[in-house]
Amino acid sequence: MTVETVERTAAGEADLAATMAEIGRRARAAAADLALASAAAKQAALAAAAQAVRARSADILAANARDLAAAQGALGAALRERLALDEKRVAAIARGLDEVAALPDPVGRVLAEWTRPNGLSIARVAVPLGVIGIIYESRPNVTADAGGLALKSGNAAILRGGSESFHSSRALAAALHDGLAAAGLPRDAIQLVPTRARAAVGMMLTMHGVIDIIVPRGGPSLIERVQRESRIPVIAHREGICHTYVDRAADLEKARRIVLNAKMRRVSVCGATETLLVDRAIAKTHLPAILADLRAAGCEIRGDPETLAVDPAAIPAGEADWRSEYLDAILAVRVVDGVAGAIAHIARWGSHHTDAIVTEDEATAERFLREVDSAIVLVNASTQFADGGEFGMGAEIGISTQRLPPRGPVGAEQLVTYKYLVRGNGQVRP
């Protein structure tokens, strides 16, 4: 069934259900093949896919231009920035696939092994999850990241990208299929849902027995819907309400560089700092220079009364600002009572995503690391490092903020489960 046919008949529940059932059937068959694929074959497929992304760069950019034209007036500046591709970003997508290809194969790793007194030899070994359903919004690079990581970990992937990135995702999926074909692996290992119909998301969430795990990546409304409706286990990625705390023992020049980067490098990524916390002891000495840097870069400042006393040009902050993921050039600023005040603020308003401290006091840094309950906690580094590529994972399909594993960047190594292999020599249980 062609994309055009699916879109014309998307209003028909039966037609869409049949399409999704066929995608699921093919994914399960491909997953069985991938589970047995060699590390060399998967590596070759990823390397070929990276080369195909480079070769198809003009097609990918043309498809992205169609998406951007359709989004004009419908998406805000931050979401258009997430959607946009250029030659540099396409090159980064290809490089990410190469980096994933070069990673150690996560499948077949012996995680633990021991021998019982009765002679039974037991090993816990990493195996693929099976079929991963990935639902995402806006960012077309997720198509390549998710498909590549699923392939590396021996899983089949069903990708449902956002309607905004429909054409971009199709162009990137074509490159991934080139890679699979070059390595002799099944094309159905990576499938893109061929319709914009929102009902397809609901159907994916009920494909129990076909899809083994769901990974949503997008705004709060998408995450909440998936967690509410899914009959399948979910790897949750909540919004990135990330904090940077500047402590009384911070080096001012270091703090200025970190805060500016954490907020303004890319305001639309989930690791962008949304709230700046500053120790009351150094608010008058450090805050003016930090805010001047941000304002010069085009950042709007929303501050509490103590911030306004230092910077009267700031906009008064309300309670909603402490729980906002702006994904824009807007920063909430609050003066707190030392590291204890910062930890308390993060505990109340944070999303358990990524939080950072700037300090030269080792004991204070260790307290922050120990007491802040977030997936990623940094000392003297920008929150924008909350990215699988920066962790050496090649790529990631999200930052998991849940307490159960996987937590933090979800890369190939996190997309496996395990089984126990038990070898005996005639033992029977007494």
Report summary line: Log entry, pairs with first residue in the stretch 56-85 being more than 20 Å from GLY298 (Cα to Cα), second being surrounded by fewer than 17 Cβ atoms within 10 Å (Cβ to Cβ) and of a type in the set (Asp, Glu), beta carbons closer than 9 Å, six or more apart or on different chains, reads SER57/GLU87; LEU61/ASP86; LEU61/GLU87; ASN64/ASP86
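This table checks each residue for (1) surrounded by fewer than 14 Cβ atoms within 10 Å (Cβ to Cβ); (2) not assigned by TED's automatic domain parsing to the domain that holds ARG265.
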{"residue": "ILE346", "(1), (2)": "no, no"}
{"residue": "VAL358", "(1), (2)": "no, no"}
{"residue": "ARG367", "(1), (2)": "no, no"}
{"residue": "ARG370", "(1), (2)": "yes, no"}
{"residue": "THR401", "(1), (2)": "no, yes"}
{"residue": "PRO409", "(1), (2)": "no, yes"}
{"residue": "LYS419", "(1), (2)": "yes, yes"}
Report task. May I ask you to list the residues in the stretch 119-139 that are of a type in the set (Val, Ile, Thr) and either part of a loop (DSSP other than H, G, I, E, B) or over 21 Å from the mean Cα position of the chain (by Cα) (or both)? Result -> ILE122, VAL125, VAL127
Report summary line: When restricted to VAL259, VAL310, the only residue of a type in the set (Val, Ile, Thr) and within 31 Å of the chain's Cα centre (by Cα) is VAL259
Query raised in the report: Within the stretch 350-364, how many residues turn out to be in a strand (DSSP E or B), under 21 Å from the mean Cα position of the chain (by Cα) and either over 12 Å from GLY271 (Cα atoms) or of a type in the set (A, V, I, L, M, F, W, C) (or both)?
Result: 1
Query raised in the report: Conditions: (1) modelled with pLDDT of 95 or more; (2) out of contact with any strand residue (DSSP E or B) (no Cβ under 9 Å at 6 or more places or on another chain); (3) under 30 Å from PRO233 (Cβ atoms). ALA340 meets all but one. Number of the miss?
Result: (3)
Report summary line: Expected single match for outside any strand (DSSP E or B), crowded, with 17+ Cβ neighbours inside 10 Å and either among the charged types (D, E, K, R) or modelled with pLDDT of 95 or more (or both) among LEU172, LEU222 is LEU172
Requested in this report: Determine if the stretch 380-387 includes at least one residue that is more than 21 Å from the chain's Cα centre (by Cα), under 25 Å from LEU252 (Cα atoms) and modelled with pLDDT of 95 or more.
Outcome: yes
Requested in this report: Scan (1) more than 25 Å from the chain's Cα centre (by Cα); (2) over 30 Å from ARG80 (Cβ atoms); (3) in a strand (DSSP E or B) for the single condition ARG367 breaks and write down its number.
Outcome: (3)
Query raised in the report: In the stretch 135-150, is there at least one residue being in the same structural domain as ALA58 (by TED's automatic domain parsing), surrounded by fewer than 18 Cβ atoms within 10 Å (Cβ to Cβ), more than 25 Å from ALA44 (Cα to Cα) and in contact with a Gly (Cβ under 6 Å, 6 or more places away or on another chain)?
Result: no
Query raised in the report: When LYS284 is evaluated against the numbered criteria (1) modelled with pLDDT of 95 or more; (2) not in a helix (DSSP H, G or I), which criterion, by number, is the only one it fails?
Result: (2)
Query raised in the report: Residues that are at pLDDT 95 or above: which helices (runs of 4 or more DSSP H) entirely in the stretch 1-118 hold 1 or more of them?
Result: 13-35, 39-55, 57-71, 87-102
Query raised in the report: Could you list, in sequence order, the residues of the stretch 175-184 that are surrounded by fewer than 24 Cβ atoms within 10 Å (Cβ to Cβ) and either in contact with a strand residue (DSSP E or B) (Cβ under 7 Å, 6 or more places away or on another chain) or within 19 Å of GLY96 (Cβ to Cβ) (or both)?
Result: HIS177, ASP178, ALA182, ALA183
Report task. Could you check, for the stretch 221-238, whether at least one of its residues is farther than 22 Å from ALA296 by Cβ, in the same structural domain as LEU378 (by TED's automatic domain parsing) and small (Gly, Ala, Ser)? Result -> no
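The values are calculated or read from the model by the stated rules, or taken from the named source; none is laboratory data. Just so it is clear, the model here is predicted, and its values are computed rather than measured. Note that we place each Cβ from the backbone using ideal geometry, even for glycine, and neighbour counts take in every protein chain shown.
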